[in-house]
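One structure is given below, encoded as structure tokens.
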């Protein structure tokens, strides 16, 4: 293996390169020896856990969906209660208004009846005795 | 279909040891290197019909292995809250491995010392520098192959290599 192959000129240091070449050669041999020894060994293969982040993402999504469902249900219930409260208040107001109108109509009718009875007298009360006398004369 | 399966099988047989060696040198973890090697060939098998032969099968596989290793460390960083253990051997243990040759005890000690120095320099490299350095000086890959496998230009590969060698030189001089 030529050390200087493909390297910039400024990196050539002849006095160091001999030692460097020797060191790199030993390093290469060492790694090859280690790899050959390790490659032949039977060993259990670790199972790579690719699922970890997927599982976490699944749990997170599930929690978000569950929280969303609960929040939606609570909001819906609250909304319905609010609508019912508004409808009840409107109904009560409508009934109060009807009762007030009925009461006012009754008062008007009573007043008109009283006026009618007052107006429908045949003679004024001040002339009542004279009218009685006239009625007696006619009877005689 | 049968021919493609046979072709892939021969690719596995031919290149599996090299992919494993590169990943072992990158991670210093035998179990992790084995797992990533399996994943590499699984991924390659799934995408084998898309391999057009623009680069060599070895370069293509190396690219997959580099990306898998990158993903692995990225995932480890993202899972910082989990208790993750590493099986990486320490530098001294990694330096113990030497080919059985006809060497004197002194030569073996010296070689071990040099291997340890290179490992220490490799430890201080950035991920890219380390990848480029290992492909060049452990896997004997050409600069053009390294460029294809890493997705870098040849100029960038040269720059990474020269920086990596500078660090190895400094370590050998005793001033890292």
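A short reminder: the numbers here are calculations on the coordinates, not readings from a lab. Quick caveat: nothing in here was measured; it's all calculated off a predicted structure. For neighbour counting, all protein chains shown are included, and Cβ atoms are generated from backbone atoms with ideal geometry for every residue, glycine included.
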Legend entry - segment B:107-152: proportion of alpha-carbon pairs further apart than 12 angstrom, %: 64 percent
Inset, instruction - Enter the per residue convex hull volume of segment B:1-88, computed from alpha-carbon coordinates, in Å³ rounded to the nearest integer. - result: 97 Å³
Legend entry - Neighbouring partner chain Cβ atoms per residue of B:107-116, average, 10 Å criterion: 4
Inset, instruction - Taking chain B as the reference, fit the longest principal axis to its C-alpha atoms, fit the long axis of helix B:2-27 to the helix C-alpha atoms, and give the angle between the two in degrees, 0 to 90, nearest 10. - result: 20 degrees
Inset, instruction - Report the equivalent ellipsoid semi-axes for chain B in whole Å, largest first, defined as the square roots of five times the eigenvalues of the gyration tensor built from alpha carbon atoms. - result: 29, 19, 18
